Every structure is written in structure tokens, then in C-alpha cells.
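The values are calculated or read from the model by the stated rules, or taken from the named source; none is laboratory data. Source: prediction; values computed, not measured. Reconstructed Cβ throughout: ideal geometry from the backbone, glycine too, with neighbour counts over all protein chains shown. What goes into the accessible areas is simple: the full protein's heavy atoms, side chains included, and nothing from ligands, DNA or RNA. Shrake-Rupley method; radii C 1.70, N 1.55, O 1.52, S 1.80 Å.
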Amino acid sequence: MISITAIILLISVFAGFIGSLLGLGGGIIITPALTLLLGIDIKYAIGASIVSVIATSSGSAIAYLKDKITNVRAGMFLEIATTIGALTGAFLAGVVSTRYLYLIFGFLLLYSAGNMFKKRNQELPQEFPINPLADKLKLNGSYWDRALSRQVDYHVTGVYGGFGMMYAAGVISGLLGIGSGIFKVMAMDSFMKLPMKVSTATSNFMIGVTAAASAGIYLTRGNIDPKIAAPVALGVLLGAAVGTKLMQRLKSRTLRLVFIPVLLYVSIEMIMKGIRL
Amino acid sequence: MSKNAVDKNGIEDTEIIISKTLRAGVALSGAITCLGLVLFLLTGNSGYPGESFPTSVFEILRGLGTLKPYAVMLSGLFLLILTPVLRVGVSIVTFLKEKDYMYAAITATVFIILIISFLMGKK
């Protein structure tokens with residue numbers, strides 16, 4: 001028992017580390033590792049992965065908020081879209097064919113992986129179109145970039161597009177139970193032109209809220225097995241503490257280079273799922 | 001730009017309060033989960049028959065009273081699940097204090113949607 005607990009703990013430290021760096025919940029690591037490596041029932045792996053999302057979110061938000069990398073206003077505003085989206089997803093479950101959703105969003109991710117690859121050498125967003133709605137919502141911000149050793153001021157654009165993409169992110173995470181973080185980063189990075197670090201930190205801030213909404217259901221359904229979920233939570237919290245320290249010292253360019261292969265992996269997996277279904 | 005500077009003071013206080021709330025929630029839930037896990041590994045006893053574990057808040061709290069390892073672990077996890085919800089709640093109050101009514105309303109909307117989805121899950 002102790003050895004399995006130790007393995008789960010180690011996997012979770014890694015998941016929390018990657019998750020806090022990239023603004024993802026770590027479910028893409030936890031779920032396959034638990035099911036394929038340890039032969040744990042998917043039922044409990046899903047419960048553990050939702051715990052992992054919340055642990056990554058709350059664990060990393062502490063550091064990112066303190067260092068003012070998170071855009072709290074953008075996060076709060078966009079949470080309206082993701083939570084309504086998650087509710088829509090719950091209503092749509094069993095009504096729409098998940099096959100097409102996997103395909104559509106798989107290709108969308110593939111496209112955005114290409115987009116990210118194109119701007120792989122860009123450290124900070126270049127053009128700042130003035131967006132009246134972003135001004136009204138006070139979304140523009142600034143943060144101290146430790147890797148660049150300077151204050152970075154940024155303007156937010158594409159508020160409607162970003163809001164729409166966030167809604168879609170909520171729907172698919174409600175319906176398919178995956179990718180909540182990856183689509184959030186994409187919406188902020190590609191649509192709203194936030195700096196990469198702000199996108200991942202704000203995504204981290206947000207994913208916990210969306211996950212908490214469904215965690216109650218998982219708990220009462222008996223998906224959260226304490227002997228699996230407890231080491232996951234502790235490991236992820238540890239990993240996130242390390243990840244948040246490192247992220248601030250990394251350049252956005254480096255962060256993007258880590259993000260692109262993850263994006264590719266998830267998009268190909270979604271497309272494969274869509275084809276197989 | 002000067003308008004931004006004024007706004008930023010407010011949001012910085014909000015950020016610090018939210019960060020402190022999260023830190024307290026995470027530290028407490030981490031400590032409780034850890035205690036439960038250590039109890040479980042040392043005694044080799046979950047406090048529940050076979051592979052079963054409690055699945056309702058009431059059962060969890062009842063088990064916590066008698067320090068059943070699984071109940072202690074789940075109490076910590078439940079507290080962790082509550083941290084984001086708590087964070088949204090605290091934000092509403094902080095935005096109100098900052099007289100940032102637009103964001104108090106935005107955050108309250110998120111809170112209501114969260115409650116609705118919580119209640120929907122109960123069925």
C-alpha cells in the first residue's frame with residue numbers, strides 16, 4: 001500500500017508541476033498515469049483528476065496572485081462564460097453527439113498549436129489594438145516579469161471572441177470532462193492577446209472554480225476514493241509550489257515551447273477519439 | 001494611464017485577500033489530508049469495511065468525529081474542493097469593499113451559477 005501511495009504521490013508532483021507551469025489541471029497526466037500505469041479504474045481516476053485540477057488551481061493561485069501575474073478581473077469576468085458553459089454542457093449531455101465535438105475541438109486545438117508555433121519566437125504580444133470593452137471592464141494590466149527583469153504593461157483585445165471561446169471551453173469540459181485548462185489558455189493567448197504568463201496564471205486561477213462545480217457530483221457518486229485522491233492532492237500541491245517558482249523565471253518563449261507539444265498531444269488524442277467513437 | 005493607477009490599488013488589495021484565503025484553505029486542507037493519510041498508512045485500517053468509503057458530507061463528518069482515517073482524508077479533500085468556491089465568495093465581499101460594483105456583480109453572478117450547478121449535482 002505504501003509503495004502505491006508513493007508512486008501516486010510522485011506522479012502527482014509531476015502533474016502539479018506541469019499543470020502550474022502551463023495553466024492546465026494536470027488531468028492529462030493524472031488520468032492516463034493512474035489508469036495505464038497503475039491499472040486504477042477510470043471511475044476513480046476521473047475523481048482523482050478533478051481533485052488534481054482544484055489542487056493545481058488553488059495551489060498555484062496563491063503564488064501567482066501574490067506576484068500579481070494573474071489578471072483577476074479577466075479571470076472573474078471570463079468565469080461567467082465558463083460556468084454557464086459548464087451548465088450548458090451538463091444539459092447537453094446525451095443530447096449531442098460527442099463524436100463531432102471531439103473532432104471539431106481536436107482540429108481547433110491542432111490549428112491553435114500551429115498558430116502558437118508561428119509565434120514561438122515572440123516573447124510578448126506585439127500590437128495593442130484599443131478595445132473599448134476591455135477598457136470599460138478594466139481588463140488591461142501589468143505585471144513584473146522576473147525573467148525579463150522589467151514591468152510588462154499589456155492591453156487586452158478580442159473580448160467577445162475570448163468570451164465565446166471560454167463559453168465553448170466550459171461546454172466541452174462539462175460534456176467531455178477534458179481540456180478545461182488548455183482551451184482557456186488558448187482563448188486568452190490567441191483571442192485576447194494576453195502575455196503567455198498571464199494566460200497560464202489566469203487559466204490556473206479559473207480552472208478550480210469550474211472543477212469545484214462538478215466535484216460535488218463526483219464526491220456523492222463515489223468517484224473520489226480517498227486512498228487515491230489524497231496522495232494526488234498532496235503531490236499536486238507540492239508540484240505546484242515548485243512549478244510556480246520556476247514559471248516566473250522562465251521566458252514566455254520557453255513556456256510556449258513546452259506548451260506546443262502538450263497541445264499537439266491533446267489535439268491528436270481528441271481527433272483519434274472522435275474517429276474511434 | 002493615471003486612471004489605471006488608481007484602479008490598480010484596489011485590485012491589489014483584492015488580490016492579496018484572495019491569495020490569503022486560498023493559502024489558509026490550502027494549508028488547512030493539506031494538513032488534514034496528510035494527517036488522514038499518515039493515520040491510514042500507519043494503522044493499515046481505513047475505518048470502513050472492505051474497499052468502501054463515505055460518499056456524503058454527513059458521513060464524512062461523522063467519521064471525522066471518531067478519527068476514521070478515510071473520513072479524515074476526505075474531510076481534507078472536501079475542504080480543498082471548497083477553496084475555489086470560498087475564493088469567489090470572498091472576492092464578492094472584497095470588490096464591494098473596494099466599491100467596485102461592476103466586479104462585485106460579475107463575481108456574484110459567477111457565485112450564483114456555481115450554487116445552481118452544485119444543486120443540480122445533488123439530484
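So the values come out like this:
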quantity	calculated
Restricting segment B:62-120 to residues that are among the small types (Gly, Ala, Ser) and more than 19 Å from the chain's Cα centre (by Cα), the residue that is surrounded by the most Cβ atoms within 10 Å (Cβ to Cβ)	B:Gly63
Selected residue [assigned to a helix (DSSP H, G or I), more than 10 Å from every other protein chain (Cβ to nearest Cβ) and at pLDDT 95 or above] from B:Leu61, B:Leu28, B:Leu96	B:Leu28
Qualifying residue in segment A:196-210 (condition: out of contact with any Lys or Arg (no Cβ under 6 Å at 6 or more places or on another chain), open to solvent by 10 Å² or more (accessible area, probe 1.4 Å) and at the interface with chain B (Cβ under 9 Å from one of its Cβ atoms))	yes
Members of segment A:142-153 found to be open to solvent by less than 30 Å² (accessible area, probe 1.4 Å) and over 17 Å from A:Met247 (Cβ atoms), listed by number	A:Ser142
Search result, residues across segment A:99-114 that are open to solvent by less than 50 Å² (accessible area, probe 1.4 Å) and over 18 Å from the mean Cα position of the chain (by Cα)	A:Leu101, A:Leu103, A:Gly114
Residues that are in a loop (DSSP other than H, G, I, E, B) and either at positive phi or touching a helix residue (DSSP H, G or I) at 6+ places or on another chain (Cβ under 8 Å) (or both), drawn from segment B:65-86	B:Leu67
Complete set of residues in segment B:87-116 that are closer than 20 Å to A:Phe163 by Cα and in contact with a helix residue (DSSP H, G or I) (Cβ under 6 Å, 6 or more places away or on another chain)	B:Val88, B:Tyr103, B:Ala104, B:Ile106, B:Thr107, B:Ala108, B:Thr109, B:Val110, B:Phe111, B:Ile113, B:Leu114
Residues of segment A:39-61 classified as within 11 Å of chain B (Cβ to nearest Cβ) and free of Cβ contacts under 8 Å to residues at least 40 places away in the same chain, total	1
Lone unmet requirement of (1) more than 14 Å from every other protein chain (Cβ to nearest Cβ); (2) loosely packed, with under 13 Cβ neighbours inside 10 Å for A:Ile130	(1)
Options A:Lys193, A:Lys245; residue that is under 30 Å from A:Tyr160 (Cα atoms) and among the charged types (D, E, K, R)	A:Lys193
Considering residues of segment A:26-45 that are in contact with a helix residue (DSSP H, G or I) (Cβ under 7 Å, 6 or more places away or on another chain) and over 16 Å from A:Thr5 (Cβ atoms) only, the residue surrounded by the most Cβ atoms within 10 Å (Cβ to Cβ)	A:Gly26
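Here is a yes/no grid of residues against (1) within 16 Å of A:Ala55 (Cα to Cα); (2) of a type in the set (Lys, Arg); (3) more than 10 Å from chain A (Cβ to nearest Cβ); (4) touching a strand residue (DSSP E or B) at 6+ places or on another chain (Cβ under 7 Å):
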{"residue": "B:Asp13", "(1), (2), (3), (4)": "no, no, yes, no"}
{"residue": "B:Ser56", "(1), (2), (3), (4)": "no, no, no, no"}
{"residue": "B:Leu67", "(1), (2), (3), (4)": "no, no, yes, no"}
{"residue": "B:Leu74", "(1), (2), (3), (4)": "yes, no, no, no"}
